[in-house]
Amino acid sequence: MNKYLRYILLLIGTSSLIVTSCVEDPEMSTDIRNASAPEVILLTGVEEGYDIQKTATTITIEGEVLSANGAPVESYGVCWGTESNPTIEAGDTVISGKGLGKFSATAISLESDQEYYIRPYATNMKGTSYGDELLVSTTNGLGVVRTLLPTEKDIKATSITCGGKIVDAGEGDIEERGVLLTTQKEDENAHEYPCTMETDSFYLEITGLKPLTTYYIRAYVKNTFGRFVGDWQTVKTTDGKPVFSSFRMLSKDYTSADFTAILKSQGDSDVKACGFCYSDVNEIPSLDDNKVACELQKDSVIIGKLEGLKQQTRYYVRAFAENSFGISYSAGDPIVLIVKSQAPTVTTTDIKETDLSAGSVSVSGIIQDKGESDIIDAGFCWSTKTEPTIADNKLSVYQGDSLISGVITGLKGGNTYYVRAYATNAAVTSYGETREIKTPNIIETLAKYAGENVTEASSCVGNGVGYVFGGDLGGTRSKELYAYNWETDTWQNKASAKVGVKGSAFFPLNSFSILSLGGKDDQDAVSNAFYYYSVQRNEWKILGQNDSPIYLYDAAGISIDNDAYYFGGSANDTINSKILKFSGRTESWTEVGTFPEKQLGSVVEEINETVYVGLGMTGTGLSGVSYSKRLWSSASSDMLSWKEKASCPTEAQGIICGTSVGGKLYALDTNLSMWVYDPTNDTWTKKNTSFVSTFSTDNLNSLFMFSMNSYIYIGMTTGSKTFIKYDPQWDN
């Protein structure tokens, strides 16, 4: 027997012996010892170069199975949910493969514009492990559309052609495109106008709109995921009327002129009438004025002739065109037409109230056409007659320019003047339109003086308010103080003084207080009463405990830098010649010097840092009242050196009262005539207005006068108690 066969038989026998000799097989475990769930990590959003990829319905992330951990990886992928820590059991899952390595997995069938928690996972026989989770929102799936602003030709009176351009169609199929329109800005309920076009750029015409109405439009597109819109654009419909592109004059002669106009558009309907309208009165002519009808040529051209025109007349001309929507006129200012003429053509500019000032008026005009020869003179003429000529009053201002202007002076208040521009060439003088001006009244009657019937009252102005104080009641003296408010034209009774006096020196020390010194008391004795009236507190306070050594009646005064200076006045029938100063700071008296002439009731005014004193009474004895017409001046800072000025040349007995306005001194004489002194040339001038018919000369010591706001206020404290406002600037 072969030796190899013997070995085979021996092995078979041995195996049989072994099998038959086993008592029972033990139970064996199928687990792999020391294995665990695989290791998986998230790469997207963690490692550089791994970005989230998402759409409206999908999210794609990347992960990596780093280790199987002893048992084969049976599957890996992503799981997701709307709550944190999704699992393959509780959430949605997509299996992407098995084994080790990097992988990409996509969550599908998601809702648009929704937040999801998503993470990678890997599974082996030992279990499932997860990578870090991400919170990711799907896109809304919508696209981008831009609203296209209509061009000028797309906007009409009752319709608009508008549309949009799809920049990004989004992720779903486009179902509809169109335009939203509303009359309310940012109206989310705007009406939808769908478009039948299926291209990225789309247009449609929206009709049935109202003319001259503002609309708001925006393009919209609908796809599977919803509607997306463009920005709002504002559009205003037109009036539908014809539109002009040009209008000009072709030629002119002595009685006619040719014009042409071109239409840019006939509007939203055909032109049914056109031509030219003109007027020599209305600067904006219309069809209510003169008109020339024309035929429309070549659908846009209008040509016509204006005939029968007057020379030296300014015409205003416009083109017109009419369709079913209405009438339109040529754009811009009308053409000013002046036909040919031998004579110049000149116009007078309207005169406004603001052109009037202090007895004068500013005037202007335009030389529209010189005529057939050069201008040699031009200016203005005026008169109280309705058609002034250069034979009346004339102001020549021509300097070679077509625009002429000047100032007419010397006008008198309370009159009506007529003014015309004029222009003269070698042949003739022509005139412009006549302009009428009414100058302010010289005298205006105001509210009557409201105080008691008194004579020899004192008056002044403090802080823009006029005051009248005290006076002779006959047997006694008045304590009353009345204030005049020029803004309301009213008198108001203020606090009564401590004692009643007449002829006191009454003037403001400063903006807060008014001084009252002396006067005569109820026994007709010269008083040394010295008080001040507080403007703010409306009360009287005594100065010096009434032991002032100064006894003065009918003195005059002025305050400079909180010091009060007193001139003249009398005591014990002796007229004072001393100049006395009361210091408002120290409440003390000093004698400054001697005034050149003894006077009672002098006029004292400060003009441009110079004090003017004089024009007072020099005697009041039994023989009657005597007056001085002399005037002196001294620097406000001096009061020692006095220079005599020109005496008032009035033929009247003397001066009653005075004040200053506009840098000049005004004095009312006993004949009730007004005189003005001009310090610049040391001259006196008598004004034209007489006050004889306004006031009575029977009781001149009841007159008072003060000035405010460039006006002079004059009144009487007895009888009619007339009170007026006098404007010296117009008393020419």
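The values are calculated or read from the model by the stated rules, or taken from the named source; none is laboratory data. For clarity, every value in this text was computed on a predicted model and none was experimentally measured. All Cβ positions, glycine included, derive from the backbone under ideal geometry; neighbour counts span all protein chains shown.
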First in the range 440-455 and assigned by TED's automatic domain parsing to the domain that holds Ser702, second anywhere and of a type in the set (A, V, I, L, M) and not in a strand (DSSP E or B), Cβ under 7 Å, 6 or more apart
Glu452/Leu473; Val454/Leu473
Only one residue in Glu591, Glu597, Glu587 is among the acidic types (Asp, Glu) and crowded, with 16+ Cβ neighbours inside 10 Å. Which one?
Glu597
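Every residue, every condition in (1) at pLDDT 95 or above; (2) in a strand (DSSP E or B); (3) under 24 Å from Ala571 (Cα atoms), yes or no:
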| site | (1), (2), (3) |
| --- | --- |
| Tyr612 | yes, yes, yes |
| Thr620 | no, yes, yes |
| Thr650 | yes, no, no |
| Trp675 | yes, yes, no |
| Thr685 | yes, yes, no |
| Phe704 | yes, yes, yes |
I'd like the full set of residues that are more than 16 Å from Ser458 (Cβ to Cβ) and in contact (Cβ under 8 Å) with a residue 40 or more places away in the chain, limited to the range 546-558.
Ser548, Pro549
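Based on what the data block shows, is Tyr531 in contact with a helix residue (DSSP H, G or I) (Cβ under 9 Å, 6 or more places away or on another chain), under 24 Å from Met708 (Cβ atoms) and in a strand (DSSP E or B)?
yes
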I need a count of the residues in the range 514-529 that are without any contact (Cβ under 8 Å) to a residue 40 or more places away in the chain and within 21 Å of Ser588 (Cα to Cα).
3
What residue, of Asn282, Asn290, is exposed (fewer than 15 other Cβ atoms within 10 Å of the Cβ), under 41 Å from the mean Cα position of the chain (by Cα) and without any contact (Cβ under 8 Å) to a residue 40 or more places away in the chain?
Asn282
Residue count for the range 669-715, restricted to those that are out of contact with any strand residue (DSSP E or B) (no Cβ under 7 Å at 6 or more places or on another chain) and not hydrophobic (A, V, I, L, M, F, W, C)
11
Cβ pairs under 8 Å, 6+ apart or interchain, first in the range 351-380 and under 14 Å from Glu436 (Cα atoms), second part of a helix (DSSP H, G or I) and not aromatic (Phe, Trp, Tyr), ordered by first then second residue, are Val361/Asp355; Ser362/Asp355; Val363/Asp355
Taking Asp561 as the residue in question, decide whether it is free of Cβ contacts under 8 Å to residues at least 12 places away in the same chain, among the charged types (D, E, K, R) and on the phi > 0 side of the Ramachandran plot.
yes
Kindly establish whether Lys102 is among the basic types (Lys, Arg), at pLDDT below 95 and assigned to a strand (DSSP E or B).
yes
With respect to Thr722, determine if the residue is β-branched (Val, Ile, Thr), modelled with pLDDT of 95 or more and farther than 30 Å from Leu580 by Cα.
yes
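Between Leu615, Leu631, Leu552, which is assigned by TED's automatic domain parsing to the domain that holds Asp682, surrounded by 22 or more Cβ atoms within 10 Å (Cβ to Cβ) and more than 55 Å from the chain's Cα centre (by Cα)? I'd like the intermediate steps shown before the answer.
Details: Leu615 fails: more than 55 Å from the chain's Cα centre (by Cα); Leu631 fails: more than 55 Å from the chain's Cα centre (by Cα).
The unique qualifying residue is Leu552.
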Restricting attention to the range 101-114, report how many residues are crowded, with 21+ Cβ neighbours inside 10 Å and of a type in the set (Gly, Ala, Ser).
2
Just to be sure, is Glu74 surrounded by 20 or more Cβ atoms within 10 Å (Cβ to Cβ), among the acidic types (Asp, Glu) and either assigned to a strand (DSSP E or B) or modelled with pLDDT of 95 or more (or both)?
no
Trp382 is checked against (1) surrounded by fewer than 19 Cβ atoms within 10 Å (Cβ to Cβ); (2) at pLDDT 95 or above; (3) in the same structural domain as Thr416 (by TED's automatic domain parsing) and fails just one. What number does that condition carry?
(1)
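Quick check on the range 393-421: of everything there that is β-branched (Val, Ile, Thr) and farther than 30 Å from Lys725 by Cα, which residue is farthest from the chain's Cα centre (by Cα)?
Ranking the qualifying residues of the range 393-421, first place goes to Val397.
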For the range 115-145, what are the residues that are under 60 Å from the mean Cα position of the chain (by Cα) and surrounded by fewer than 15 Cβ atoms within 10 Å (Cβ to Cβ)?
Glu115, Leu135, Ser137, Val144
For the range 413-452, give me the residue count where each residue is within 30 Å of Asn485 (Cα to Cα), acidic (Asp, Glu) and in a strand (DSSP E or B).
1
Looking at the range 392-412 only, could you name the residues that are part of a strand (DSSP E or B) and in contact (Cβ under 8 Å) with a residue 40 or more places away in the chain?
Ile404, Ser405, Gly406, Val407, Ile408
Here are Ile303, Ile327: which of them is among the aliphatic types (A, V, I, L, M) and in contact (Cβ under 8 Å) with a residue 60 or more places away in the chain?
Ile327
For residues that are hydrophobic (A, V, I, L, M, F, W, C), outside any strand (DSSP E or B) and surrounded by fewer than 18 Cβ atoms within 10 Å (Cβ to Cβ), tally how many sit in the range 146-173.
2
